[in-house]
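Below you'll find the structure, written out as structure tokens, and then a few comments.
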Amino acid sequence: MASDYFKNYLPAAISRQLDFTSLEQLPDTYLSGELKKTMSDIVYSCLRKDGKGAVKVSLLIEHKSYPDKYTPVQIGSYIFSALQKQATAKEPLSLVIPVLLYHGKDKR
């Protein structure tokens, strides 16, 4: 399912550079203790088609049943946390894809 999701929803310029047959789920997480209370994430590794190594792609799952004007800040803090963990580990910075699942009735 992850492979199909990435193929369909990543920007085409990125998607066509990745070898989705190599997609592998990793045991990593980029969530801080505070963010773990409300979010979950899944981190994948995928080889580049040009043979220049792998890229980590992270899916952030955040469920919302009501509109919240601070959701972009919450998701932004996750992205920053992911990049900070990678930088601290001296890893190459990887792509982070936030996904918001809204199941409320208000369409604001």
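For region 43-67, what are the residues that are of a type in the set (D, E, K, R), within 21 Å of G33 (Cα to Cα) and over 12 Å from the mean Cα position of the chain (by Cα)? Matches in region 43-67: K64 only. Of the residues V55, V73, V43, which is in contact (Cβ under 8 Å) with a residue 40 or more places away in the chain and among the β-branched types (V, I, T)? Among V55, V73, V43, only V55 is in contact (Cβ under 8 Å) with a residue 40 or more places away in the chain and among the β-branched types (V, I, T).
Assess whether I61 counts as being surrounded by 13 or more Cβ atoms within 10 Å (Cβ to Cβ) and either basic (K, R) or touching a Leu at 6+ places or on another chain (Cβ under 8 Å) (or both).
No.
For region 20-31, a residue qualifies if it is in contact with a helix residue (DSSP H, G or I) (Cβ under 9 Å, 6 or more places away or on another chain), farther than 17 Å from L93 by Cα and surrounded by 12 or more Cβ atoms within 10 Å (Cβ to Cβ), and the qualifying residues are F20, L23.
Just so you know, all these numbers are worked out from the coordinates, no wet-lab data involved. A quick note: this is a predicted structure, and the numbers were derived from the prediction, not measured. Positions of Cβ are backbone-derived with ideal geometry, glycine not excepted, and every protein chain shown enters the neighbour counts.
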